[in-house]
Amino acid sequence: GEAAVAALVIAKLIKCGCKKSWLRHDDAHKKIGGDYEVGNLIVRLPGTTRGSRRLFSGHMDTVPLCRGAVPVRRGNRIVPRTRTALGGDNRTAVSCLVTIVETLLHEKLPHPPLTFLFTVGEEVGLRGARQVKSSDLGKPAMGFNYDGGDPAAIIIGATGADRWQAEVRGISSHAGVHPEDGVSAALITSKAISEIAAKGFFGDVRKGKKTGTSNVGPMQGGEATNQVTDLMVLRGECRSHDAAFLDRITEAYRRSFEAAAASVKNAAG
Ligand SMILES: [Zn+2]
């Protein structure tokens, strides 16, 4: 578990000259629940020069495939000795962060105030990071998170996406004899999509300064030409860098489908 990783990190940091008062664990594990042993580890180095605080972060957990991994050096690569995963995601980051601190202190390099954040429970949904109190970080002006395949790549934004599925249920009837008894799921679906587009939430979505995208992908439904379609299943997605705007796009889909469903009636109402 992460407790052993955290203990090792703390031991290394103390050894290279970190004061105990610079280190703290938060109580994220209590808020996450389950069998978490420790919270996030937060290390705050006072600056030796003036400047705004920088944050460096990485996660201490790995995936279960890495359990029992023994890293060995083979040539210029570090590989697992047995048939486990290595856990480079994200032990690489943990060792990077420790190495940064070691190098700064050992070489007495000038640096602004720095915060190092080692989180727990990342692989299961950023559970530790979600519980970080921003006041514990000391107001960093910018942050660098280490977690990725390419050490030379830097990612400065990520798009949030809602992938959704809609099931539109109508009422079947014989389309040639009693179409008026049926409620066509195909008609509801087309009305809904038309309305979404009319309101500006289809495709390239722009509302003031907010931007996003949306799409309807696979659509399936209908069994025969002489039968009013009683079921349509659609899948699609909405995207935006802005979480609140993403909710708005997805909500526009939900409302349009509900309104379209309510507007299509058969003879019986
Ligand atoms: Zn990772």
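Observations on the structure shown:
- Base-10 log of normalised Debye intensity for the chain (one unit scatterer per alpha-carbon) at q = 0.07, 0.10, 0.13 Å⁻¹: -0.44, -0.72, -0.92
- Counting DSSP beta bridges with both ends in the chain, the antiparallel % (nearest 5): 80
- Between the range 152-214 and the range 1-29, the alpha-carbon center distance in angstrom: 49
- Prolate/oblate/rounded label for the range 1-147 (Cα gyration tensor, a/c 1.5): oblate
- Helix 88-106 axis, angle to the chain major axis (alpha carbon atoms, nearest 10°): 40
- In the chain, the longest principal axis of the Cα atoms and the axis of helix 243-263 are about 20 degrees apart.
- Shape category assigned to the range 19-91 from the gyration tensor of Cα positions, a/c cut at 1.5: oblate
- The range 2-145, relative contact order in percent, only Cα pairs under 8 angstrom and at least six apart counted: 35
- Among 215-228, 126-139, the peptide with the highest mean count of other Cβ atoms within 10 Å heads the list, and the full ranking is 126-139, 215-228.
- Selection from G208, F118, G128 lying farthest towards where the dipole of the range 117-249 points positive, charges on Cβ: G208
- Here the accessible area is traced with a 1.4 Å probe on the protein chains. For the range 2-145, carbon and sulfur cover 55 percent of it.
- Taking Cα atoms only, the orientation of helix 185-198 departs from the longest principal axis of the chain by about 60 degrees.
- Dipole axis of the range 1-116 (+1 Lys, Arg; -1 Asp, Glu on Cβ), positive-most option in A3, W22, T99: T99
The values are calculated or read from the model by the stated rules, or taken from the named source; none is laboratory data. Please read all numbers here as calculations on a predicted model, not as lab measurements. When we count neighbours, we look across all protein chains shown, and the Cβ atoms used for this are built from the backbone with ideal geometry, even at glycine. Just so you know, the surface numbers come from the protein's heavy atoms only, side chains and all, with ligands and any DNA or RNA stripped out. Shrake-Rupley method; radii C 1.70, N 1.55, O 1.52, S 1.80 Å.
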